[in-house]
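Comments concern the structure below.
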Amino acid sequence: MKLADTKATLSFSSGSPSVELPVYSGTVGPQVIDIRKLYAQTGMFTYDPGFLSTAACQSSITYIDGDKGELLYRGYPIEQLATQCDFLDTCYLLLYGELPNAEQKQKFDRNVTIHTMVNEQMQFFLRGFRRDAHPMAVMTGLVGALSAFYHDSTDINNPEHREISAIRLIAKMPTLVAMAYKYSAGQPYIYPKNSLSYTGNFMRMMFGTPCEEYEPNDVLVRAMDRIFILHADHEQNASTSTVRLCGSSGTNPFAAIAAGVACLWGPAHGGANEAALNMLHEIQKNGGVDKIGEFIKQVKDKNSGIKLMGFGHRVYKNYDPRAKLMQETCKEVLGELGLENDPLFKLAMALEKIALEDEYFVSRKLYPNVDFYSGIVQRAIGIPVSLFTAIFALARTVGWIAQLNEMISDPEYKIGRPRQLYDGATRRDIKPIAQR
Ligand code: CMC
């Protein structure tokens, strides 16, 4: 961050003295006005519910240009990462700032691999849940519970603890997601197998049984790995900001990541992939492609409360680049499985086409986001719909931990404490109950 040549002057129609505010430039993207001294200078706060104009931190991890439809992790375009790297390369990049060389890759992959097993006691903890519990309820509990199992890596102010907890979280998330699935399906847990890749191992823990050997399919493993890469980080979104705010109190990394999992669950965020697939099922059930017009009409009616799930984004006001890659993967997976004529995929393509030609979506710059096609891919792979958001949480864990570690190691970091515009009752006295 460097001081820009310009300064911002804030003046008041009331005649109060104006104030000069420093303006900073990043490497790319909009400049920011530093308002940290505003309250001390004017006695006023800024007001920005939903953080529409607020940069809450300084970060060098991920950059999004919403108008161009560009997503960069540490400067590398998502298209290059999705086609030339695997998920563990992406994890290394997000955590340490550079892609690994061959030796670093071998060491990092090995380090993650040898931490995939979870404490055996975790399965007894899991047994406390109802079998029909939503996987995100289970994941919020399991991730939070990690802090009760790994006491030796809970000091967020200790860089070594931060490093070990990062590796543990990345390594154990697939094991926990697969355990949550196996528990709901009433099948035995499958232990990790260290000879497999990160994603191949996850697929085996999900779909293998003790009865016969499971051979991961390369196309499906690559598709799942791409889902992980595309979801790995997305700068200061709701769950990442939750992790930062939660971690800013000095709580342990497992607790902070559990807060991120809880936030991600909502349908406006990570829960959108589940909601998008349920929406497609619903349209299909009610008449399919012929009923798209009727559905779009409902979406445009503000009173209906219906949204086109998997469409729209706070930052992307052009096509979400992840959606393009996901659509490509969708075609590959359906081709591999002989499902080219999958009715939901056809419905999704038709719905996208109609929406993109409609004035309502065009004028509001609403385009498909990553979740529009990711549900179709996951369903084809065999992932149950209710597990989609847990898979997103698995992938986003590295982004959360990279952002948390960046915040804690920043010498300027402070506990997060927003202020408010209070419009409640002014001071008053309690009356005796008979007079209220
Ligand atoms: N369907 C219909 N109308 C929409 C949609 C949609 N999916 N998204 C936005 N709009 C309308 C909205 O009603 C508003 O209209 P108007 O100006 O007439 O009031 C306008 O577009 C601007 O929307 P907004 O709600 O102010 O935009 P936002 O930046 O606050 O919300 C969003 C972004 C992602 C929450 C929203 O687009 C949405 O709810 N989309 C559906 C859920 C979804 O797919 N979420 C996944 C996001 S990507 C994965 C992730 O990062 O978690």
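Some notes on this structure:
So that you can scan it fast, the table gives a plain yes or no per residue for (1) of a type in the set (Asp, Glu); (2) within 12 Å of the ligand (Cβ to nearest atom); (3) closer than 24 Å to Gly66 by Cα; (4) not in a loop (DSSP other than H, G, I, E, B):
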{"site": "Phe228", "(1), (2), (3), (4)": "no, no, yes, yes"}
{"site": "Thr240", "(1), (2), (3), (4)": "no, yes, yes, yes"}
{"site": "Cys246", "(1), (2), (3), (4)": "no, no, no, yes"}
{"site": "Ala256", "(1), (2), (3), (4)": "no, no, no, yes"}
{"site": "Ala268", "(1), (2), (3), (4)": "no, yes, yes, no"}
{"site": "Asn273", "(1), (2), (3), (4)": "no, yes, yes, yes"}
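- Residue in the stretch 388-402 that is within 16 Å of the ligand (Cβ to nearest atom), assigned to a helix (DSSP H, G or I), out of contact with any strand residue (DSSP E or B) (no Cβ under 9 Å at 6 or more places or on another chain) and at pLDDT below 95 present: yes
- Exclusive hit being away from the ligand (no atom under 16 Å from the Cβ), more than 22 Å from Arg110 (Cα to Cα) and surrounded by fewer than 21 Cβ atoms within 10 Å (Cβ to Cβ), set Glu235, Glu282, Glu213: Glu213
- Within the stretch 304-336, restricting attention to residues that are within 15 Å of the ligand (Cβ to nearest atom) and of a type in the set (Gly, Ala, Ser), the residue that is farthest from Lys68 (Cα to Cα) is Ser304.
- Looking across Leu404, Leu387, one residue alone is touching a Phe, Trp or Tyr at 6+ places or on another chain (Cβ under 6 Å) and in contact (Cβ under 8 Å) with a residue 24 or more places away in the chain. It is Leu387.
Let's see how each residue does on (1) touching a helix residue (DSSP H, G or I) at 6+ places or on another chain (Cβ under 7 Å); (2) aromatic (Phe, Trp, Tyr); (3) under 30 Å from Lys291 (Cα atoms):
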| position | (1), (2), (3) |
| --- | --- |
| Met203 | yes, no, no |
| Ser249 | no, no, no |
| Pro253 | yes, no, no |
| Gly260 | yes, no, no |
| Cys263 | yes, no, no |
| Gly270 | yes, no, yes |
| Glu274 | yes, no, yes |
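- Matching strands (runs of 3 or more DSSP E) fully within the stretch 1-102 where at least 1 residues are modelled with pLDDT of 95 or more, of a type in the set (S, T, N, Q) and loosely packed, with under 15 Cβ neighbours inside 10 Å: 2-10
- Residue satisfying all of: in the stretch 338-387; within 16 Å of the ligand (Cβ to nearest atom) and of a type in the set (Phe, Trp, Tyr); nearest to Gly66 (Cα to Cα) among these: Tyr367
- Considering Thr46, Thr83, the condition of being among the β-branched types (Val, Ile, Thr) and under 28 Å from Asn194 (Cα atoms) is satisfied by Thr83 alone.
- The number of residues in the stretch 285-300 being open to solvent by less than 70 Å² (accessible area, probe 1.4 Å) and either not assigned by TED's automatic domain parsing to the domain that holds Ala348 or not in a helix (DSSP H, G or I) (or both) comes to 1.
- Matching option when the condition is open to solvent by 50 Å² or more (accessible area, probe 1.4 Å) and closer than 19 Å to Glu406 by Cβ, among Asp155, Asp132: Asp155
The values are calculated or read from the model by the stated rules, or taken from the named source; none is laboratory data. No experiment lies behind these values; they were computed from the predicted model shown. Quick reminder, even Gly has a Cβ in these numbers, built from the backbone with ideal geometry, and neighbours come from all protein chains shown. Just the protein is used for accessible areas: all its heavy atoms, side chains included, with ligands, DNA and RNA removed. Shrake-Rupley method; radii C 1.70, N 1.55, O 1.52, S 1.80 Å.
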